[in-house]
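Just so it is clear, none of the values below were taken in a lab; they were calculated from the coordinates. What you see is a predicted model; the values in this text were computed from it and never measured. All Cβ positions, even for glycine, are placed from backbone atoms using ideal geometry, and neighbour counts span all protein chains on display.
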Amino acid sequence: MFGITDWHRDGTLAEYAAVEARNLAPLPGNVDFTVGASLPISGLTAWQGLFQHGRLQAGQSVLAHGAAGAVGSVVTQLAREFGAYVIGTGRAADRQAALDFGANEFLDLDHEDLDDIGGVDLVFDVIGGDIQRRSASIIRPGGTLVSVVGPVEARPVDGLAVDFVVESVPSQLMEIVDRVRDGRLRTHIGTVATLDDAIPALNPTERRKGKTVIRVRP
């Protein structure tokens, strides 16, 4: 099985966690646990943001922030599959990865101007702050700003602004995992393939020479 717990339960670091059956879906035998663990949050966030809240349609344009990241890479792939034109963003080092995931174009947020894009129908925001505010200004009339970083600070002049909490929907989980099985969707798990690899990758605290060093991840 794979899925997510209700938000008030948490339990990610627990050895055991109680999960209601409504939040789970069967994990196919030919999909390993590492991939299964990487899918629910990233996959459901992308699916619900694009289709439930963004109401994406073929032929529309999508600005996908963090297009080389866990959520952004799924946003990019799903949007392309459903006929959208995708402009991915990130840092310069992310350009090739974003293009490999299917972005039609890439914008380096450190050195290129969002205003140069012109206009888009949907912005998928995973950053917030000034990037979110600038993104809202380039949404075409009737377009949508979808954010997963809390209350939306900026709204399109003529359009919708939506922030949402991801829900575990078994039917959506199966839609997503089926795409992994048939090769339409790639997960973004990098080189993390074992629990021993995952712990230092996810834990922001390192011990060095008897001292605890706290790393703040962007």
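Could you give each residue of region 122-133 its phi-based ³J(HN,Hα) in whole Hz, using Karplus coefficients 6.51, -1.76, 1.60 with θ = phi - 60°, and x for Gly or Pro?
Coupling constants for region 122-133: 9, 10, 9, 9, 10, 10, x, x, 5, 4, 5, 5 Hz.
Please report, to one decimal in angstroms, the Kirkwood hydrodynamic radius of region 3-82 built from all distinct Cα-Cα pairs. List each step's numbers first, then the result.
On the way: mean 1/r = 0.0701 Å⁻¹.
The answer is 14.3 Å.
Only bridges with both residues in region 2-214 count here: give the DSSP antiparallel percent, nearest 5. Don't skip to the end; give the middle numbers.
Working: 6 of 27 bridges.
Antiparallel bridges: around 20 percent, rounded to the nearest 5.
With charges only on Cβ, +1 for K and R and -1 for D and E, what is the dipole size of region 2-214 about its Cα centre, in debye, rounded to 20? Can you show the working numbers first?
Values: 18 positive and 28 negative charges, 64 e Å.
Dipole about the Cα centre, nearest 20: 300 debye.
If you take all C-alpha pairs in region 39-81, what percent of them are over 13 Å apart? Before the final figure, lay out the partial values.
Working: 414 of 903 pairs.
Within region 39-81, distances greater than 13 Å cover 46 percent of Cα pairs.
Per residue and in cubic angstrom, what volume does the convex hull of the Cα atoms of region 102-150 have?
Numbers: hull volume 4.4 nm³, N = 49.
Expressed per residue, the convex hull around the Cα atoms of region 102-150 is 89 Å³.
For V162, enumerate residues with amide H under 5 Å from its amide H, sequence gap 5+ or separate chain, H modeled in the peptide plane.
Here L145, V146, S147 satisfy the definition.
Tell me, what does the Kirkwood hydrodynamic radius of region 85-172 come to in angstroms if you use every pair of distinct C-alpha atoms?
Numbers: mean 1/r = 0.0725 Å⁻¹.
Final number for the Kirkwood radius of region 85-172 is 13.8 Å.
For region 86-159, run through the GluC sites (Glu not before Pro) and keep only the ones in DSSP coil with at most 13 other Cβ atoms within 10 Å of their Cβ.
Values: sites: E105, E112, E153; in loops: E112, E153.
Answer by residue number: E112.
Residue-wise, which Karplus ³J(HN,Hα) couplings in Hz belong to region 24-30, taking 6.51 cos²θ - 1.76 cosθ + 1.60, θ = phi - 60°, and x for glycine or proline?
Whole-Hz 3J(HN,Hα) from phi for region 24-30: 10, 9, x, 8, x, x, 9.
Summarise the long-distance tail of P(r) for region 2-214 by giving the % of C-alpha pairs beyond 27 Å.
Values: 7750 of 22578 pairs.
That tail contains 34 percent of the Cα-Cα pairs.
Counting other C-beta atoms within 10 Å, and keeping those with at most 12, which DSSP coil chymotrypsin sites (Phe, Trp or Tyr not before Pro) do you find in region 3-96?
Values: sites: W7, Y16, F33, W47, F51, F82, Y85; in loops: W7, Y16, F82.
Passing both the DSSP loop test and the Cβ count: W7, Y16.
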